[in-house]
Amino acid sequence: METIQPLPARERLLPGESLASLLRRTSDTMGYESVRRLLGLVQDQSRLPWNINHLSPGPALEALACLLKTSPGELLQATVHRFGSALVLSTNDQAQVEACDRKTILRYFSAGSPVCPHCLRDDPVPHDRLIWSFRPIPICTHHGVMLIDRCSACGQRLRPDRDHQFRCRCGRDLRDVQPAAVSNDTIDLSQQVEGWLSDQHSPLAKMTTAACLWWAERLAKAAGKTPTWMRRIADELGIEVDCSAESLAWLAAFQILTNWPDRLETFLNEFQRVPKYQHTSTGIGRSFGSLLRHVAQLEQLGFATPADALRKHLLRHYKLGHLSKKVCLFQTTKSGVLSTRTWMTQTEAAKSLRLRHGAVVDLIEGGILTGEVHQAGRSGRSVGLVSRDSVDQLKRDLKTAIGTVEAAKRLGISRHRVLDLNHAGLLPRTVRTSQGWRIPKIAIESVESIYRILPTVKQANSGWLTARQATRQFGPGGLTFVRLLQQVQMERIRARRLERANDFAGLLVSKTDLERVMPDVSLQHFASNGCPLHSLAKILFSERPMKEPVLKKWIQLGLLNAQRAGRAQVVAAEEVERFRSTYCLFSHACKILGISRATLARWETDGRIQPVYGRRVTPGAGFSLYRRADLEHLQAERVAGRFRRAA
């Protein structure tokens, strides 16, 4: 076998240098045409890997060490096995391994040979660093730039067995390439990871470096499936588009480890909402992918930190489904752990509050309970979770709550009016239980405050009505006790209270204010089901109440649209608003034109304006109805000075 002389001191293995770089420099020194010529001196070629940096301990390594006149241990430090003890996952009680297995090499190390152009240009002896092939660190921490793994000229991946130290196979000088710079945050994060490898320092308590990096690789895969999180990390670290998605995912995983466990909580909230496989929206396996199985595997190996953090997150924040002993994280724990969960099912909440099952969803939608309900599959089933704190708070409120009969006596109204107050939302947090409606005392006090803050009078004069008189007199127009209180709260109606009365029986309201707001109250009353013609005739135009036959004529002329409701005709609230914005009576027409009623009548006779409904247009009409657009057009002509010439 051909031998070579021992390497000069300047050609010995440099700090952090890779084996491929050492062989390349040796080949150049000995004048060989390629690195393969040097490797051809090793007898057993079948044991040489394609990437010489992956060379495992064995006869091939010993032969190469003998060829280079150095020790096998020194050459092994130039291969990826140098990091074997920091990367190969094993239990706590096992001895540290000295070499990386094939799966570990494929997981952490690149098949190519990334380089830093600045290092090749600045080093007295240009050489490749072994750390450059470590996939989780895609940058040069010394110069703060992205490593390049492809030639900018030919686009081919840089091979570890290239013949020249700083030239691509196409002849491109790698030292002339301008790599992209990275932010200081990215540099600091990568330097921390380098420290984990060199110092065997673990970022998580009770975890080895190998276990942390193994967990980081799983987090990187999960982060790569979460586009919103990837964009967020790219913005925070100032990553440019030159960084690959894989490298960005590794940086995202390391950021989670360095900000443990708060960063994990934020990421899990984002990751569990990413659409997964299959069509159902619930299921813990579909929410967290394979992360649960991975942390359970780590826990079995003796590393419980990730499992404890994920288990804590599930107990506090998981709201997309149920938790049970079937979940792998809870199979080996005590059965009482699940009882500490901050969420309970809607069935458990209904039993605790003594409510029917369907009432829980209504309470969630009403804001009384805090929870979420999600569809489970396509069969119409749902999964609902309720906050345990909100259930406990509601139970405390119900202990001091009163029924509708007691509330009616306290407020001085009938029981039906109490139910109306509840339906109108004036009695918040009122719940219907197996014992009937239960009204919290704070809700009763909020309604009583409407009455107690009113000024007092000794007796009512002719301009004031009691609440009972007001609802009887204006009830046909839609005035109810609830609407009366709402108008008082909005200060649209003046109100007083009698000194001798301690409840709503002594409520007094202004009759003048009632007459003024009744048109709006009536429209509010008939907004959902429509307004009957006999009621609409009185409130359509507040300045001119009319009779029902007038509206029927307008319907026949197509001016007003009505719908059948049984044997009656009703007009929708939207149609009333459209009619009011389109037409007006003579009094409003005079205001628009700025003329008197007599002038308006003379203009009708002269043909200057034509009403859509009136004595000269419709037989039997008692007054005129004008189109607002005609009035505005006529007024515009008057302002422009063309009105007199047109006449």
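Details
- Taking the criterion of being in contact (Cβ under 8 Å) with a residue 60 or more places away in the chain and out of contact with any Pro (no Cβ under 6 Å at 6 or more places or on another chain), the residues of the stretch 152-174 that qualify are Pro160, Asp161, Arg162, Asp163, His164.
- Test: residue in the stretch 268-278 that is out of contact with any Phe, Trp or Tyr (no Cβ under 8 Å at 6 or more places or on another chain), surrounded by fewer than 20 Cβ atoms within 10 Å (Cβ to Cβ), of a type in the set (D, E, K, R) and assigned to a helix (DSSP H, G or I): no
- Matching residues, the stretch 193-241, being open to solvent by 50 Å² or more (accessible area, probe 1.4 Å) and over 24 Å from Ala180 (Cβ atoms): Ser198, Asp199, Gln200, His201, Ala205, Lys206, Thr208, Lys221, Lys225
- Reported count of residues in the stretch 535-551, each being closer than 30 Å to Asp420 by Cβ and either under 45 Å from the mean Cα position of the chain (by Cα) or open to solvent by 40 Å² or more (accessible area, probe 1.4 Å) (or both), is 4.
- Taking the numbered list (1) within 25 Å of Val517 (Cα to Cα); (2) open to solvent by less than 50 Å² (accessible area, probe 1.4 Å) in turn, Trp554 passes all entries but (1).
- The sole residue among Ile555, Ile609 that is touching a Phe, Trp or Tyr at 6+ places or on another chain (Cβ under 6 Å) and either over 30 Å from Gly478 (Cα atoms) or part of a helix (DSSP H, G or I) (or both) is Ile609.
- For beta carbons closer than 9 Å, sequence separation of 6+ or different chains, a first residue in the stretch 37-59 that is at negative phi and modelled with pLDDT of 80 or more and a second that is open to solvent by 50 Å² or more (accessible area, probe 1.4 Å) and small (Gly, Ala, Ser), the qualifying pairs are Pro49/Ser56; Trp50/Ala111; Asn51/Ala111.
- Picking from residues in the stretch 599-617 that are open to solvent by 20 Å² or more (accessible area, probe 1.4 Å) and in contact (Cβ under 8 Å) with a residue 40 or more places away in the chain, the one that is nearest to His588 (Cα to Cα) is Val612.
- Taking the stretch 60-88 as the range and being assigned to a loop (DSSP other than H, G, I, E, B) and either at pLDDT 90 or above or at negative phi (or both) as the test, the residues that pass are Leu68, Thr70, Ser71, Gln77, Ala78, Thr79, Val88.
- Scanning the stretch 2-36 for residues that are in a loop (DSSP other than H, G, I, E, B) and modelled with pLDDT of 75 or more yields Leu13, Leu14, Pro15, Gly16, Ser18, Gly31, Tyr32, Glu33, Ser34.
- Residue check, Leu559 modelled with pLDDT of 90 or more, in contact with a Leu (Cβ under 7 Å, 6 or more places away or on another chain) and not small (Gly, Ala, Ser): no
- Taken residue by residue, the stretch 379-396 has at least one member that is in contact with a Lys or Arg (Cβ under 7 Å, 6 or more places away or on another chain) and either among the aliphatic types (A, V, I, L, M) or not in a strand (DSSP E or B) (or both).
- Tally of residues being within 16 Å of Ala424 (Cβ to Cβ) and of a type in the set (S, T, N, Q) across the stretch 487-507: 2
- With respect to the conditions (1) within 60 Å of the chain's Cα centre (by Cα); (2) closer than 23 Å to Glu543 by Cα, Glu637 falls short on a single one, namely (2).
- In the stretch 558-593, residue surrounded by the most Cβ atoms within 10 Å (Cβ to Cβ) [restricted to those that are assigned to a loop (DSSP other than H, G, I, E, B) and in contact (Cβ under 8 Å) with a residue 24 or more places away in the chain]: Ala562
- Listed by first and then second residue, the pairs with beta-carbon distance under 8 Å, at least 6 apart or on different chains, first residue in the stretch 438-453 and of a type in the set (Phe, Trp, Tyr), second outside any helix (DSSP H, G or I) and open to solvent by 20 Å² or more (accessible area, probe 1.4 Å), are Tyr451/Arg497; Tyr451/Asp503.
Listed here are the residues, each with its yes/no results for (1) in contact with a Cys (Cβ under 8 Å, 6 or more places away or on another chain); (2) among the hydroxyl-bearing types (Ser, Thr, Tyr); (3) surrounded by fewer than 16 Cβ atoms within 10 Å (Cβ to Cβ).
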{"position": "Phe303", "(1), (2), (3)": "no, no, no"}
{"position": "Pro306", "(1), (2), (3)": "no, no, no"}
{"position": "Leu314", "(1), (2), (3)": "no, no, no"}
{"position": "Lys319", "(1), (2), (3)": "no, no, no"}
{"position": "His322", "(1), (2), (3)": "no, no, no"}
{"position": "Thr347", "(1), (2), (3)": "no, yes, yes"}
{"position": "Arg356", "(1), (2), (3)": "no, no, yes"}
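The values are calculated or read from the model by the stated rules, or taken from the named source; none is laboratory data. These figures come from a predicted structure and were not determined experimentally. A quick note on method: Cβ atoms are made from the backbone with ideal geometry, for glycine too, and the neighbour counts reach across all protein chains shown. Just the protein is used for accessible areas: all its heavy atoms, side chains included, with ligands, DNA and RNA removed. Shrake-Rupley method; radii C 1.70, N 1.55, O 1.52, S 1.80 Å.
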